[in-house]
1. Near G114, within a Cβ-to-Cβ distance under 14 Å, what is the net charge of the other residues, with Lys and Arg +1 and Asp and Glu -1?
2. Just want the answer: with Cβ charges of +1 for Lys and Arg and -1 for Asp and Glu, which residue in V196, G185, V130 is farthest toward the dipole's positive end in the chain?
3. Based on the mean of other beta carbon atoms within 10 Å per residue, what is the order of 167-174, 112-119, most packed first?
4. Quick one: putting +1 on the C-beta of Lys and Arg, -1 on the C-beta of Asp and Glu, what dipole do you get for the chain around its Cα centre, in Debye to the nearest 20?
5. List the residues, sorted by chain then number, that are 5 or more residues from H46 or on another chain and whose placed amide H is less than 5 Å from its amide H.
6. Separation of region 40-67 and region 308-340 by C-alpha centroid, Å?
7. Beta carbons within 10 angstrom, averaged per residue: use that to sort the peptides 294-306, 319-331, 23-35, highest first.
8. By the gyration tensor of its Cα atoms, with a ≥ b ≥ c the square roots of the eigenvalues, what is the shape of region 40-156: rounded for a/c under 1.5, prolate for a/b over b/c, or oblate?
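Here, each number is a calculation from the coordinates, and none is a lab measurement. As the structure is a computational prediction, the values presented were derived from the model and not from experiment. For neighbour counting, all protein chains shown are included, and Cβ atoms are generated from backbone atoms with ideal geometry for every residue, glycine included.
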Amino acid sequence: MNAPLAQAVALEDTSTAFDHPEFSGHEQVVFAHDPASGLRAIIAIHNTRLGPALGGCRMWGYRTSREALTDALRLSKGMTYKNALAGLPLGGGKSVIIADPKTEKTPELLKAFGRHVERLAGGYITAEDVGITAADMELIASQTGHARGTEATGLGDPSPYTALGVFTGIQAAVAHKFGTSHLTGITVSVQGLGNVGYGVCRYLHAHGAKLVVSDIHEPNVKRAVAEFGAQPIDPHQAHAADVDVYAPCALGATINAATIPQIKAKIIAGAANNQLQTPEDGVKLMQRGILYAPDYALNAGGVISVALATSSKDDAMVREKTLAIGDTLTAIFKRADLEGLPTSVVADKLAEERLMAG
Ligand code: NAD
C-alpha cells in the first residue's frame, strides 16, 4: 500500500459511525443511496427496546456526509429518550436526507427514500421534520407502510398538540413552584410566535395569564399584541423579561452561560428543542433556583399525536396522553427536589429507567 492511500484509509476509518463521537450504542445506521434519483440519506435507529423506532425525516443541505451522520446519530438518540419519557411503545430513530429542500427535492428522491424505509420492514417509522412537508410524506408513504403524519394515518399538523402539552407543562410548573393551579396574573415571556408559540399564547391568555411576546417576524408580534393585549419585547431580551415564566418557543441554546445570570423568571418552560447549550446549564439553573421543565418532556405532544393517531381521526387518546405530560413533569420536579439534582438530569434518568424496564 503506498503512503497516500494508507493515509486515505486512516482518515476514512476515523469517520465511521462506530468511532463517531455521537455514536451511543445505536442499533443500526443505514446509508441509503439511490443513483437514479440522487438520493443520499442516513437512517439511524438508536434503540428499539420499547418498540419500533419512530422519528422524523429531516431534509437539509448538509455540507458533508459526516455532518449529516452527526445529526442522525444525535437526533435518533434524542427520540429514544423523548418517546420513552412520553410513555410511548416506541423506540428512537431519525433519518436525514442530504439535499437542499428548496432546490434538490424531487418526487423520485422522496419515493426512493420511501423504498429504503420499506426495506427496514417496520424497524423504523418515519414522519415529517424540518424540510419535509405533509405532501412530501404522502409521496414517501406511497412506497412504504411505515410512514406517519399522512392523511391516512395522521391528525395533520402536530403543532396544536405540542402547544397543548407545553401549556399543560407550564401549569404543572406553576403549581410546583408557586403552589397554585391558577394562571390568573401569572406573567409569561413567550419567545417565538410560530405554530407552537402562538398556540401556547392562546391557551395562556384564555386562562388569565399576562403575556410578553417576541418574534423576529414582526407581523406575529402585532397579531399577538392585538389579539391577547400582549406586551412586545425585543427577541434578544425575551429571556431577561421581568416575568414569572420564560417560554422559549423559537430556537435552541437560548439558555447558556451568558443568558442564565440575566433570567428573572422563576420557571423556564417552552417548546424549543435543545434549550440548554450545555448540560452544565441545567446545574446553573438549579443553583439559581430556577425551575426548568426539560424540553423533550414538555414538547412531546407533537410526537404523541404522530405516534398514536389512527385512521379514525379520533384524537381523544392523543389528548389524554398529551395532558399526561403535566404528571410526568410533576414527577420530575418532585424527584429533582428529593435527590438534589437538576431536572434535566432527572428527566434523562427517568427515560433510561423506563427504557430498562421495557
Ligand atoms: P415555527 O417555525 O412555526 O415558529 C418559530 C417562530 O420563531 C417563528 O415565528 C420565527 O419567526 C420565530 N423566531 C425565529 N428566531 C427567533 C428569535 N431569535 N427570536 C424570536 N423568535 C424567533 O416553529 P414551531 O413549529 O412553532 O416550533 C417552535 C420550536 O418548537 C422549535 O424549536 C421546534 O423545534 C420545537 N418543536 C416543535 C414541535 C411542533 O410540533 N411543531 C414539536 C416539538 C418541538
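1. Combined, the nearby Lys, Arg, Asp and Glu give -1.
2. G185
3. Going from most to least packed, we get 167-174, 112-119.
4. 520 debye
5. Amide H neighbours of H46, under 5 Å, 5+ apart: E27, G92, G93, K94.
6. If we compute the Cα centre of each part, the gap is 25 Å.
7. Listed from highest to lowest mean packing, they are 294-306, 319-331, 23-35.
8. oblate
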